[in-house]
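J.: Before I ask anything, here is the structure I am working with.
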Amino acid sequence: MLYVVGTPIGNLKDITLRALETLRAVDYILCEDTRHSLKLLSHYEIKKPLIAYHKFNERESAEKVLADLRQGKEIALISDAGMPLISDPGSVLITRVKEEGLPFTVVPGTTAFVPALILGGMGAPFLFHGFLPDKKKERDAVLRKLKNETATLIFYCAPHDMEATVAALYSAFGERTAIAVREITKMYEESTHFTLSKGVSGAKGEFVLLVSGAEEKDEFAEISVEEHIRQYIAQGLSKMEAIKRVAKERGVSKSSLYHYTIEE
């Protein structure tokens, strides 16, 4: 069995009893940085072999893991912080495990964007993107697709990329309100409200950026009620059927549209 295990994003106490039980039981643990993961395991006196599994060796390492799973070994996959696959390595391995029909399960844990939403005083709907591409052309293409999204947008950002990321967001979206959340679950945890045009100063630590979505547009603002009704009549609906449909789409009563005199 392969276990995908969530680990703390900062405070080492934020780990589940099931996660600890799993890490103690497996034959070995796949992790991004063995030195980083050793701190967590040492804190809980867990002594298991650690094998580096990161974005640079993910494909070749996956085949070795598959071979071990076929032999009946118990293996855990963790990331440096939070849940594997959420902007962290693991998707290649899980895809191969599913293709091979091998067993795997998830041992849930925290992930940074959920507490960030709460610290920012925000909730659903939201759209989580994670890290933006490094290359400008690819980043701009992503932001063009997100420009008209009305849900809160969530990005991960390293401190050295903060200024460039906010500038790219402002260039693509124009003025928006935003919240930068950092040091989640740690002593200096904070959330800072700002506007994209002004940016945020003192960028230290890993950030979760929450950006307000685009304002919802009235899709019928540029078409009159009469034209709206005519469109449905042209599609074969009767006047009464067209009025009923238009009333529902515009959020008004049918009776308020009866006075329109439209020849069918």
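J.: Those residues that are assigned to a loop (DSSP other than H, G, I, E, B), surrounded by 18 or more Cβ atoms within 10 Å (Cβ to Cβ) and not aromatic (Phe, Trp, Tyr), I need them from the range 15-63; list them, please.
T.: Those that are assigned to a loop (DSSP other than H, G, I, E, B), surrounded by 18 or more Cβ atoms within 10 Å (Cβ to Cβ) and not aromatic (Phe, Trp, Tyr): 15, 26, 32.
J.: Please go through the range 150-208 and give me each residue that is acidic (Asp, Glu) and assigned to a strand (DSSP E or B), ordered by number.
T.: Residue satisfying the conditions is 190 alone.
J.: Still on this structure, please answer the following. Quick check on the range 186-197. Is at least one of its residues open to solvent by 30 Å² or more (accessible area, probe 1.4 Å) and among the β-branched types (Val, Ile, Thr)?
T.: Yes: the range 186-197 contains one or more residues that are open to solvent by 30 Å² or more (accessible area, probe 1.4 Å) and among the β-branched types (Val, Ile, Thr).
J.: Scan the range 104-130 for residues that are among the hydrophobic types (A, V, I, L, M, F, W, C), under 18 Å from residue 79 (Cα atoms) and part of a loop (DSSP other than H, G, I, E, B) and jot them down.
T.: Scanning the range 104-130 gives a single hit, 112.
J.: Exactly one condition in (1) at pLDDT below 80; (2) of a type outside the set (Ser, Thr, Tyr); (3) open to solvent by less than 30 Å² (accessible area, probe 1.4 Å); (4) under 30 Å from residue 128 (Cα atoms) is false for residue 249; which is it?
T.: If we test residue 249 against (1) at pLDDT below 80; (2) of a type outside the set (Ser, Thr, Tyr); (3) open to solvent by less than 30 Å² (accessible area, probe 1.4 Å); (4) under 30 Å from residue 128 (Cα atoms), just (3) comes out false.
J.: Just to be sure I understand the filter: pairs with C-beta atoms under 6 Å, separated by 6 or more residues or on different chains, first member in the range 146-169 and on the phi < 0 side of the Ramachandran plot and free of Cβ contacts under 8 Å to residues at least 60 places away in the same chain, second member outside any helix (DSSP H, G or I) and open to solvent by 30 Å² or more (accessible area, probe 1.4 Å). Which pairs pass?
T.: As it stands, the answer is 154/126; 154/128; 155/129; 159/203; 159/204; 162/203, since those pairs meet every condition given.
J.: Let me ask you something else. For residue 55, all conditions in the list (1) within 24 Å of the chain's Cα centre (by Cα); (2) at positive phi hold save one; what is the number of the exception?
T.: With (1) within 24 Å of the chain's Cα centre (by Cα); (2) at positive phi applied to residue 55, the lone miss is (2).
J.: Just one of (1) of a type outside the set (D, E, K, R); (2) under 17 Å from the mean Cα position of the chain (by Cα); (3) more than 23 Å from residue 10 (Cα to Cα); (4) at pLDDT 95 or above trips up residue 208, so point out which.
T.: So residue 208 meets the others, but not (3).
J.: Can you confirm whether the range 131-138 contains a residue that is more than 22 Å from residue 9 (Cα to Cα), outside any helix (DSSP H, G or I) and hydrophobic (A, V, I, L, M, F, W, C)?
T.: No, every residue in the range 131-138 fails to be more than 22 Å from residue 9 (Cα to Cα), outside any helix (DSSP H, G or I) and hydrophobic (A, V, I, L, M, F, W, C).
J.: Output the residues belonging to the range 98-116 that are buried (at least 21 other Cβ atoms within 10 Å of the Cβ) and either over 20 Å from residue 32 (Cα atoms) or more than 20 Å from the chain's Cα centre (by Cα) (or both).
T.: 116
The values are calculated or read from the model by the stated rules, or taken from the named source; none is laboratory data. Just so you know, these numbers come straight off a predicted model, no measurement behind them. Cβ atoms come from the backbone with ideal geometry, glycine included; neighbour counts cover every protein chain shown. Ligands, DNA and RNA are stripped out before the accessible areas are found, and what is left, the full protein with its side chains, is counted by its heavy atoms. Shrake-Rupley method; radii C 1.70, N 1.55, O 1.52, S 1.80 Å.
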